[in-house]
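Derivation of every value follows stated rules applied to the coordinates shown; laboratory data play no part. Please read these numbers as outputs of a predicted model, since none were measured by experiment. Note: ideal-geometry Cβ built from the backbone for every residue, glycine included; neighbour counts use all protein chains shown.
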Amino acid sequence: MKWLASELHTHTIHSDGKQTLLELTRGAKLLGFECIALTDHNTMSGLQGKEEIEQETGIAILPGMEWTTFHGHMVTVGLDSFVDWRKAEPDTIDADVAKVHKQGGVAGLAHPFRIGTPVCTGCFWEFKIRDWNAFDYIEVWSTTFAPVKLDNQRAFALWTRLLNEGVRIAATSGRDWHRQEETKDPLSVTYLGLKEEKHSLQEAAVNALREGRVAVTIGPLVTMEVHGKENGAVYELGSAVPVGLPEDKESYAIHVHFSFSVRQGIWQLPDQRYRLVVNSSEGILSEMRIEAEDKHYEIGLDLDEKRPAWIRAELWGTVSGVRALVAFTNAIYFDKEATE
């Protein structure tokens, strides 16, 4: 599977950004990104010249838009055409998301706990969501040095709570990138797992986001699979493992893979030993110390002892003198109703 280094929240001079699409895309290439989503506020006009810029820079540009309202900001990605945001009300957001899906897009909450009015009108999420499964993702890491910011920690906790409640929803990062400027803060990357060779790159990227084949990091790429030891099946991020009754003896192994060589030379963390945690709806299933090098770990999963509804991998380390979450995968689910 190819993992596409992506930035999913950007702006240009067509809304409140200070950069053209070409400047944005050139800047993304210098930072090792392979894909961006253009999500200007309430307009898609910034996509003019998209194909030519993609050819010049080699960066894939996903069409999108950030719905910017008094009740919250919603990022939409992969749209075939403009979806009117102007009548969005707190009680209608589920229907609005359905309109986005009808146009081939996905929808996510942008920075849902960022401080709101009067500092940032609508930044704090106040829409009333009746069906969380209607949404595709939550932007749990926003802006730079994302994992240490309290609003992002609240968003991450919301994502975890929803997973525990049985909601299958992805988590992403987004710089909310408005201008070309130097920063020493760690930058987040959302990696999208592409597997649809018969589709265009845009379709494959949007499908990865829709289906939860997503990993997020400020450094190394961490991915995960679950392998059935008896049936030989492999379950990827975002997929569901069909689990039988407690007396069924199917056993599984969790495979966690690392790449410390991604975006070589663009990010750097101090030499250290990291802590790998496999977290779940039942708490921590496994944790161990690992070195900073490319490798993978296999961890046995005994469903006789714990029967999690979901699992994810987390990598913890020291960043700029702060102990923080460095990378995490999206969830793999366990579902006795799933079929092979």
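Some notes on this structure:
- Derived scalar couplings ³J(HN,Hα) [segment 310-316; Karplus, 6.51 cos²θ - 1.76 cosθ + 1.60; whole Hz; x for Gly, Pro]: 7, 9, 8, 9, 10, 10, 10
- Interchain or long-range residues, amide H under 5 Å from Leu62's placed H: Ile36, Ala37, Leu38
- The charge dipole of segment 2-217, taken about its Cα centre with unit charges on the Cβ of Lys, Arg, Asp and Glu (plus for the first two, minus for the last two), comes to roughly 440 debye.
- Where only alpha carbons of segment 1-135 are counted, the Rg and the Dmax (Å): 15.1, 44
- Counting other Cβ atoms within 10 Å as a rough exposure proxy, the listed residues His199, His255, His111 run His199, His255, His111 from fewest neighbours to most.
- The label-point distance for Lys195 and Glu52, in a model that sets each label 7 Å from Cα toward Cβ, rounds to 3.9 nm.
- Debye log10 I(q)/I(0) at q = 0.11, 0.12, 0.14, 0.16 Å⁻¹ for the chain, Cα point scatterers: -0.70, -0.83, -1.14, -1.46
- Under-5 Å amide H pairs with Lys229, H placed in peptide plane, nonlocal only: Ser251, Tyr252, Ala253
- Candidate lysines for bridging to Lys149, where Cα separation is under 22 Å - those fewer than 8 sequence places away on the same chain excluded: Lys184
- Whole-number percent relative contact order across the chain, with pairs defined as alpha carbons under 8 Å at least 6 apart: 14
- Relative contact order, percent, segment 41-173 [alpha-carbon distance under 8 Å, six or more residues apart]: 20
- For segment 1-87, the list of trypsin sites (Lys or Arg not before Pro) that fall in a loop by DSSP and count at most 16 other C-beta atoms within 10 angstrom reads Lys18, Arg86, Lys87.
- Eigenvalues of the alpha-carbon gyration tensor of segment 221-335, scaled by 5 and square-rooted, set the equivalent ellipsoid semi-axes at 29, 14, 11 angstrom, largest first.
- By the beta carbon rule, with partners counted only under 4.7 Å, the chain holds these lone Cys residues: Cys35.
- Segment 121-194: GluC sites (Glu not before Pro) in DSSP loop, at most 11 other beta carbons within 10 Å: Glu165, Glu181, Glu182
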